[in-house]
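First comes the structure, then the notes that go with it.
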Amino acid sequence: MGIKVTDSWLDQASVRSGVGLDTNMGRIIFYEDKNFQGRSYETSSDCAELTSYLSRCNSCRVESGCFMVYERPNFMGHQMLVRRGEYPDNQRLMGMTMSDCIRSCRMIPMHRGQFRMKIYERENFSGQMNELMDDCDNIQERYRMSDCMSAQVMDGHWLMYEQPHFRGRMMYLRPGEYRSMRDMGTGPMDMRIGSIRRIMESC
């Protein structure tokens, strides 16, 4: 039977409330081995370095909410959105050949309000600008933009995709300013943005 390593923040929250974990809170469990075997680590918040708790991570289970998982520490490298469900093999999930390819994660808060962001053709919010409030399955076709190299997210949480129709590598954006997409640490520097989708509350 695997050994469970629980996030201390979760323990403290449960003790203070006197009840179990809030079912509206995102919750993910990482396992050292495939098929949910070996030691495990459970969290409901961001984790910049999973190897602080586990020597490796080969499977995960999302019990509630949505998370972004990353192949490198500090939310860098190849990333993938995971929703409620079971992921018995991280190699297949991430499309990687690494044996322990999840090194960090971000919890995506539920958002029930409007969605709004601005995308710019060039870095530092210059060049052609367009404002989005819903999904866009083909940026080049809809806006005639040659590229999307910076963005400002005012409301909601978004996913940018490398290809049109929400395909290829993805990049998570939360409210804030992104002066250069090339500095996001997603991997190869030539990632272009082909489509953008809102992360809805129905995770």
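Structure notes:
- Computed FRET value (nearest 0.05) for R92 with R142, which takes r as the C-beta separation and R₀ as 25 Å: 0.15
- Projected label distance in nm at S55 and M184, using a 7 Å step from Cα toward the beta-carbon: 3.5
- With neighbours defined as other Cβ atoms within 10 Å of a residue's Cβ, the residues M145, M154 order from fewest to most as M154, M145.
- Mean Cα-pair separation over length for the range 116-198, i.e. relative contact order, pairs under 8 Å, 6 or more apart, %: 34
- Gain upon complete extension [E123, K34; 0.36 nm per residue less C-alpha separation]: 28.0 nm
- Near C148, the amide H atoms lying under 5 Å from its own belong to I193; only residues 5 or more places off or on other chains count, and H is placed 1.01 Å from N.
- Peptide packing: for 103-109, 165-171, the average count of neighbouring Cβ atoms within 10 Å per residue gives the ranking 103-109, 165-171, highest mean first.
Values quoted throughout were computed directly from the atomic coordinates according to the rules given, and no laboratory measurement underlies them. Bear in mind that the values here come from a model prediction, so they are computed numbers and not experimental data. A quick note on method: Cβ atoms are made from the backbone with ideal geometry, for glycine too, and the neighbour counts reach across all protein chains shown.
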